[in-house]
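Participant: Let me give you the structure first, and then I'll get to my questions.
Read the figures in this text as sums done on the coordinates, not as results from a lab. If you're wondering where the values come from, they're calculated on a predicted model, not measured in any experiment. Glycine gets a Cβ as well: all are built from the backbone with ideal geometry, and neighbour counts include every protein chain shown.
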Amino acid sequence: MCDLVVHDTASCYAFARFGRRWRLCVTEHPRLGGELVPGGHAEAGEDALATAVREVLEETGHRVRLLPPPLPERYPHPATPSVWHVVSMPAAADSRCDQRHVHRDHIAVGVVDRPFALYGTPEHTVHWVERSALDRLSLPEDTRVLAGELFEMIDRVAAVRPRPAVDEGLAAELLRRQEEDQAVRLVPVAERTPDLMERWLAVDEENTGWLRELIAERGWPGEAMVGRQAAGAAWLLAQHADRQPDFQQGCLELLSAAVTAGDADPQHGALLEDRVRIARGQQQIFGTQLTEGPDGTLVPYPVANPDEVEALRAAWGFQPLERYIEQVAASVG
């Protein structure tokens with residue numbers, strides 16, 4: 001017989017932005033059938049939030065960042081991630097208990113900033129679903145109801161809080177550095193002298209060092225901090241930090257979190273995602289990084305899911321791949 005009538009469990013409703021639209025992570029459950037959000041039993045001495053994070057990683061391979069429950073819009077202080085609800089759920093006999101018992105389920109809500117990145121081997125088949133798909137899935141009714149409610153509020157809950165005032169001086173410096181970055185790159189290929197290329201390297205090194213210091217002091221300069229245009233300049237400096245790949249990887253993590261919070265352009269996150277993947281010898285997701293093919297024409301570096309790349313590009317607002325390649329070829333020709 002089972003010693004405990006009540007078992008502590010945790011479930012996590014994990015969301016990610018696909019372009020500018022949210023999707024929810026669900027798994028195909030091998031024993032119960034249908035779809036569920038990630039979750040499971042707490043280990044000995046493990047708190048509910050740690051259980052939620054671990055279960056997401058084990059079941060999906062994704063790293064989730066938990067969110068606090070919603071506070072009033074004008075509330076001036078940041079909140080700490082916590083359990084959103086605790087629900088008592090009847091449970092049938094299973095491998096942990098040979099009789100009917102109760103799951104005291106701790107419900108957490110979180111975000112996955114990089115839904116194409118895996119940090120472990122998934123135990124289950126994973127799907128990312130939009131709000132409109134909930135009624136077509138084989139979900140428990142409680143999951144369907146709560147997921148629908150969370151879709152309505154996730155944009156607000158994930159947003160930057162509290163929002164800082166725009167730093168106009170920092171914005172101006174970012175735009176100045178962006179202008180310098182572009183000045184060396186826009187020189188026609190035929191006119192690129194050794195002195196220019198040396199200057200190119202120096203600009204990138206200087207900008208990378210400056211961005212590193214800025215991030216260490218103030219965090220990622222998103223739209224709330226510096227405005228939309230200057231936030232784009234910050235992305236550009238990170239995109240060109242190729243000679244410091246570990247730092248560039250760190251920028252990707254920070255930029256991805258800013259995208260999740262609605263604090264950065266999703267296209268910038270996609271471009272840096274592809275850039276970092278190619279630099280690390282991985283397949284890209286969106287086909288944004290090009291190289292010269294055997295016949296001298298531009299072709300994408302290898303893409304992870306060629307059959308899905310056009311749909312993904314459309315979701316992120318990119319033009320079709322063929323047209324993109326033609327445009328890039330014309331700009332460097």
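Participant: For region 156-172, take each phi angle, set θ = phi - 60°, evaluate the Karplus expression 6.51 cos²θ - 1.76 cosθ + 1.60, and give the result in whole Hz per residue in order, putting x for glycine and proline.
Facilitator: 6, 5, 7, 5, 4, 9, x, 7, x, 6, 5, 8, 5, x, 5, 4, 5
Participant: If we restrict to alpha carbons, what Rg and Dmax does region 6-158 come to, in Å?
Facilitator: Every Cα atom of region 6-158 included, Rg and Dmax give 15.2, 50 Å.
Participant: Give me the one-decimal nm value for the distance between modelled label points at residue 189 and residue 314, 7 Å along each residue's Cα-to-Cβ direction.
Facilitator: 3.2 nm
Participant: Just the Kirkwood number for region 71-181, please: inverse of mean 1/r across all distinct Cα pairs, in Å, one decimal. All intermediate terms of the calculation are to be shown ahead of the outcome.
Facilitator: Numbers: mean 1/r = 0.0530 Å⁻¹.
It is 18.9 Å.
Participant: Follow-up question, since we're still on this one. Given R₀ = 25 Å, what would the calculated FRET efficiency be for residue 307 paired with residue 18, taking r from the Cβ atoms and rounding to 0.05?
Facilitator: Step by step, r from the Cβ atoms, then E = 0.90.
Participant: Going by C-beta contacts inside 10 Å, put 21, 177 in order with the fewest on the left.
Facilitator: 21, 177
Participant: Expressed as a whole number of Å, what is the distance separating the alpha-carbon centroids of region 275-298 and region 191-215?
Facilitator: Rounded to whole Å, the Cα centres lie 23 Å apart.
Participant: In deg cm²/dmol, rounded to 500, what helix-only [θ] at 222 nm does the chain give when every DSSP H run of at least 4 residues adds -39500 (n - 2.57) and the total is split over its residues?
Facilitator: -13500 deg cm²/dmol
Participant: With a ≥ b ≥ c the root eigenvalues of the C-alpha gyration tensor of region 181-333, is it rounded (a/c under 1.5), prolate (a/b larger than b/c) or oblate?
Facilitator: oblate
Participant: Here is a follow-up. Going by amide H atoms built from the backbone, whose H comes under 5 Å of the H on residue 167, apart from near neighbours?
Facilitator: 226
Participant: For region 72-87, just list the computed ³J(HN,Hα) in residue order, Karplus coefficients 6.51, -1.76 and 1.60, θ = phi - 60°, integers in Hz, with x standing in for Gly and Pro.
Facilitator: x, 3, 8, 5, x, 10, x, 9, 9, x, 7, 5, 7, 8, 10, 10
Participant: Separate question: Read phi for every residue in region 46-54 and hand back ³J(HN,Hα) as whole Hz from Karplus 6.51 cos²θ - 1.76 cosθ + 1.60, θ = phi - 60°, with x for Gly and Pro.
Facilitator: Coupling constants for region 46-54: 9, 7, 5, 5, 5, 4, 4, 5, 5 Hz.
Participant: Related question: What list do you get for 331, 138 if you sort them by fewest beta carbons within 10 Å?
Facilitator: Lowest count first: 331, 138.
Participant: Relative to the longest principal axis of the C-alpha atoms of the chain, give the angle of the C-alpha long axis of helix 228-239, reported between 0 and 90° and rounded to the nearest 10°.
Facilitator: 80 degrees
Participant: Here is a follow-up. Could you tell me what percent of the DSSP beta bridges with both partners in region 6-158 are antiparallel, to the nearest 5?
Facilitator: 70 percent
Participant: Right, next: At q = 0.11, 0.20 Å⁻¹, what is the log10 ratio I(q)/I(0) for region 1-87, with the Debye formula run over Cα points and no solvent?
Facilitator: -0.39, -1.07
Participant: Taking the 0 to 90 degree range and rounding to the nearest ten, how far is the long axis of helix 245-260 tilted relative to the main principal axis of the chain, both from C-alpha atoms?
Facilitator: So the inclination is approximately 60 degrees.
Participant: A follow-up question, please. Please give the length that would be gained between residue 132 and residue 89 if that part of the chain were fully extended, namely 0.36 nm times their separation in residues minus their C-alpha to C-alpha distance (nm, one decimal).
Facilitator: 12.8 nm
Participant: Okay, next question. Taking the Cα-to-Cβ direction at residue 163 and at residue 279 and moving 7 Å from each Cα, how far apart do the two end points lie in nm?
Facilitator: 3.1 nm
Participant: Rounding to the nearest 20 debye, state how big the charge dipole of region 6-158 is about its Cα centre with +1 on each Lys and Arg Cβ and -1 on each Asp and Glu Cβ.
Facilitator: 560 debye
Participant: Further question: At R0 = 22 Å, how high is the FRET efficiency between residue 99 and residue 50 if r is their beta carbon distance? Nearest 0.05 is fine.
Facilitator: Given R0 = 22 Å and the Cβ-Cβ separation, E is 0.20.
Participant: Two decimals is fine: what's Rg over Rh for the chain, C-alpha atoms, Kirkwood radius as Rh?
Facilitator: Rg/Rh: 1.03.
Participant: Would you work out the charge dipole size for the chain about its Cα centre, treating the Cβ of every Lys and Arg as +1 and the Cβ of every Asp and Glu as -1, and quote it to the nearest 20 debye?
Facilitator: Its charge dipole is roughly 500 debye.
Participant: Taking amide H atoms as placed 1.01 Å from N in the peptide plane, list the residues 5 or more away in sequence, or in a different chain, whose amide H sits under 5 Å from that of residue 94.
Facilitator: Those qualifying (amide H under 5 Å, at least 5 residues apart or on another chain) are 99.
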